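The values are calculated or read from the model by the stated rules, or taken from the named source; none is laboratory data. Quick caveat: nothing in here was measured; it's all calculated off a predicted structure. For neighbour counting, all protein chains shown are included, and Cβ atoms are generated from backbone atoms with ideal geometry for every residue, glycine included. We work out accessible area using only protein heavy atoms, side chains counted, and drop any ligands, DNA or RNA first. Shrake-Rupley method; radii C 1.70, N 1.55, O 1.52, S 1.80 Å.
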Amino acid sequence: MNVLTRMWKREWPLHMMLLPGLILVLIFCYYPMAGIMMAFQKYIPNKGLLGSPFIGMRNFQLLIEYPDIGRVFLNTIYIAVMKIIAGLIVPITIAILLNELRKEWVKRTFQTLVYLPHFLSWVLLSGILVDILSPSSGILNQVLGIFGIKPIFFLGDNAWFPYVMVISDVWKEFGFGTIVYLAALTGINPSLYEAAEIDGAGRFKQILNVTLPGMMPIIILMLTLNIGNVLNAGFEQIFNLYSPPVYESADIIDTFVYRMGVQQAQFGFATAVGLLKSIVSFIFISVSYVLAYRIANYRIF
């Protein structure tokens, strides 16, 4: 007890600092979880959670029987996986290229420029993308027209829409990822590069045999964290850019839940879809933690 008392006296200010954040988490993350009850009810707003009739697994049965649910899940996984892969490759590549620059002011300037889009909301960026990609007045289609290419309706064509989502998401977020990987590069011992250079390794060989292995722990960490988001394909981005003509390739779980729950007032059904998504995401992230430990002997906790 004396040890615990001394620890409390020493650490209580830190616990007090965490208290406001803990209260916010309890209010906004855990308290709303009571709404999971709607997944097992025929929810009626004027009767509330306690007054709505209980229907068991009926909402999940409707979910399985819904004709488009398979396409919605496939769209989500397809877009999310492409974002995860591109979101790893591009920042790693840019970080390595920036690390090779010798002029510090050039490195810092470029690093600042690529980081700026991270602070812009998708509401603002969606308006910019609509103007850029417009088939009639968009600058991209005007450039393509110079080469004799017919205008492409990037945001209204099912063949193009998923790739536009991936490219625009990478453009917005790769600056943040670049900073993370640049920080990882500072932890690599410079003597390793000197030893590799003495052994006759050029810059490319040094990147393969020193830089990438030195970055591997943070790469594994970022990949592990991203696998848990494999069913989060980016609601805000897609919601602001998609339209009925591209539902076939653009409709993801989150937008589907929004339409079912908010627009069509099928609250129980929408909650069942969201609950299933959360369960699958929990399984994915649990498996990713196990793989990170077994493959690379790396633990997050």
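Quick check on the stretch 267-301: of everything there that is more than 19 Å from the chain's Cα centre (by Cα) and polar (S, T, N, Q), which residue is modelled with the lowest pLDDT? Top of the filtered list is ASN297.
Can you find a residue in the stretch 251-266 that is in a helix (DSSP H, G or I), more than 27 Å from LEU49 (Cα to Cα) and either at pLDDT 85 or above or polar (S, T, N, Q) (or both)? Scanning the stretch 251-266, I find no residue that is in a helix (DSSP H, G or I), more than 27 Å from LEU49 (Cα to Cα) and either at pLDDT 85 or above or polar (S, T, N, Q) (or both), so the answer is no. Remark: pairs (first residue in the stretch 62-82, under 9 Å from VAL230 (Cα atoms); second residue open to solvent by 20 Å² or more (accessible area, probe 1.4 Å); Cβ separation under 7 Å; 6+ apart in sequence or on different chains) = ALA80/ASN229; ALA80/ASN232. If only residues of the stretch 48-90 that are more than 30 Å from ASN158 (Cα to Cα), at pLDDT 85 or above and open to solvent by 70 Å² or more (accessible area, probe 1.4 Å) are counted, the one that is farthest from the chain's Cα centre (by Cα) is PHE54. Within the stretch 7-22, not a single residue is open to solvent by less than 100 Å² (accessible area, probe 1.4 Å), out of contact with any Gly (no Cβ under 8 Å at 6 or more places or on another chain) and closer than 30 Å to ALA250 by Cα. Within the option set PRO13, PRO45, PRO20, PRO32, being in a loop (DSSP other than H, G, I, E, B) and either of a type outside the set (Lys, Arg) or more than 22 Å from LEU225 (Cα to Cα) (or both) holds for one residue only, PRO45. The single condition among (1) under 30 Å from MET33 (Cβ atoms); (2) touching an Asp or Glu at 6+ places or on another chain (Cβ under 8 Å) that TYR293 does not satisfy is (2). Answer with yes or no whether LYS107 is in contact (Cβ under 8 Å) with a residue 40 or more places away in the chain, open to solvent by less than 70 Å² (accessible area, probe 1.4 Å) and farther than 30 Å from ALA265 by Cβ. No, not satisfied.
Going by what's in this entry, would VAL262 be described as out of contact with any Pro (no Cβ under 7 Å at 6 or more places or on another chain), closer than 25 Å to ASN59 by Cβ and either of a type outside the set (Gly, Ala, Ser) or open to solvent by less than 70 Å² (accessible area, probe 1.4 Å) (or both)?
yes
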